[in-house]
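The values are calculated or read from the model by the stated rules, or taken from the named source; none is laboratory data. As the structure is a prediction and not an experimental result, all values here were calculated from the model. We place every Cβ from the backbone using ideal geometry, glycine too, and count neighbours over all the protein chains shown. Surface areas here come from the heavy atoms of the whole protein model, side chains and all, with no ligands, DNA or RNA. Shrake-Rupley method; radii C 1.70, N 1.55, O 1.52, S 1.80 Å.
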Amino acid sequence: MLTEKPRIPIRSILLYGLWPGFIKVRLYRLKGYRIGKGVSIGLGSVICGDHVEVGDHTSIGFLTIIRGKKIRLGPYVQIGSMTFLDTPHLEIGEGTKINEQVFVGGLQSPDSRFIVGRNCLIMQMSFINPAQSIVIGDDSGIGGHCLLFGHSSFLNQFDGYAADFAPIEIGNSVGLAWRVFVLPGTKIGDGTMVGANSLVSGTIPPSSMAVGFPARIVGKPPVFPRKVSHEEKVEMFRNIVAELVRFLVGSGLECQKDGDLYVIRKPNGRWRRPKNWRMQVTDADPREAAKSLGPSQPDVFLSLWEIPVDLRDSLTAKNIVWIDVARKEQPRISNDLGEEVLEFLKRYGVRTLRYPRL
């Protein structure tokens, strides 16, 4: 065939895939790829493209194939092992995570696009076919075993059967539960949830809950999503902090509370010196909480409410990782305790973007 290409890029795997990651990065830079700092590419994984850009601190697991004409992976992207991304135009936003064994490919055209926003999550075993284009907004999640198809053609159109090719648009802060099937031409509005085992087609309005086969609207404003009062948010926040402390203690760490300051300590190891980590937590005015910081600066400053820009800058200058739950933002610096807290907050749907945004 004139347009046939190998299903698996064996030549690239043999030339590049078997090298250690740090050598592979250097080889790709020599090839003209723009590879950022701290990039990790696992054994057997390859990137094949005409124009390739990989942002800082992006990681790719082992035996993963990324192929296309134009490939752009933002900073802090995570792509799991044995994932196959094969589309002419691929763009993945900062902080997005694609789990293991996700397949993007199938029947496509030269201008097919797969674009994923920032801070998204695509879970394992999902099959995505951008026959034309699939665009996913920021902070959206695709559950495991989901099917997103840009075409629905198999039987002969001349015999009266449908042959549909259409783009798919998924908005910001959308959640698809496990095993959702999205048909070509679907548009899902911002802030919408789709229940498990649903078949979605047509247009789903913003801030809705859709379930069923086919999916039907079962919740919409003002009932869904429900309004959360100031007092409820404070109670939720305190419960989450308490759960975080229990999690850390259950994981073998020691935790002491002194007012709004938590001191976390890892017990002595044979080869490792103990280290105290400090976390300041506030559900009141962050400015007032910052004034009470003692001579021993915290490593993490966790605030339920918005942290003003000047306070953010001040904390960052002191290498304090601040976490703004209200605006879902964090600084571009990090430490071990900060990463632990941020990962725990994801359990409750709080995923933060790095500030300032690039």
* Structure fact -> Cα-based Rg and Dmax for the range 20-81, in Å, come out at 10.1, 25
* Which percentage, to the nearest 5, of the DSSP beta bridges contained in the range 1-102 is antiparallel? -> 0
* **Entries in 291/318; 5/97; 31/69; 37/97; 227/328 that, when Cα-Cα distance is taken, lie over 20 Å** => 5/97
* Structure fact -> Distance in Å, no decimals, from the C-alpha centre of the range 63-90 to the one of the range 287-326 is 36
* For the chain, modelled as a GNM with alpha-carbon contacts under 10 angstrom, which of 334, 40, 112 fluctuates the most? -> 334
* To do: With springs only between Cα atoms under 10 Å apart, run a GNM on the chain and tell me which of 297, 132, 157 wobbles the most.
  => 157
* To do: Binning at 5 Å from 0, report for the range 6-147 what percent of all alpha-carbon pair distances ends up in each bin.
  => 2, 11, 21, 27, 22, 12, 5, 0
* To do: Quick one: among 242, 177, 196, which has the greatest mean-square fluctuation in a GNM of the chain with alpha-carbon springs under 10 angstrom?
  => 242
* Can you list which of the trypsin sites (Lys or Arg not before Pro) found in the range 1-92 are DSSP loop residues with at most 13 other C-beta atoms within 10 Å? => 7, 31, 37
* Asked: Ignoring any ligand, DNA or RNA, what whole percent of the accessible area of the chain comes from carbon and sulfur when the probe is 1.4 angstrom?
  -> 55
* For the chain, what is the relative contact order in percent, using Cα pairs closer than 8 Å and at least 6 residues apart in sequence? -> 6
* Asked: Where only protein heavy atoms count, and the probe is 1.4 Å, what is the accessible area per residue for the chain in Å²?
  -> 53
* To do: Could you grab the Rg to Rh ratio for the range 286-350? Cα atoms only, Kirkwood for Rh.
  => 0.94
* Asked: Restricting attention to the range 222-306, which trypsin sites (Lys or Arg not before Pro) occupy a DSSP loop and are surrounded by at most 11 other Cβ atoms within 10 Å?
  -> 226, 227, 270, 272, 275
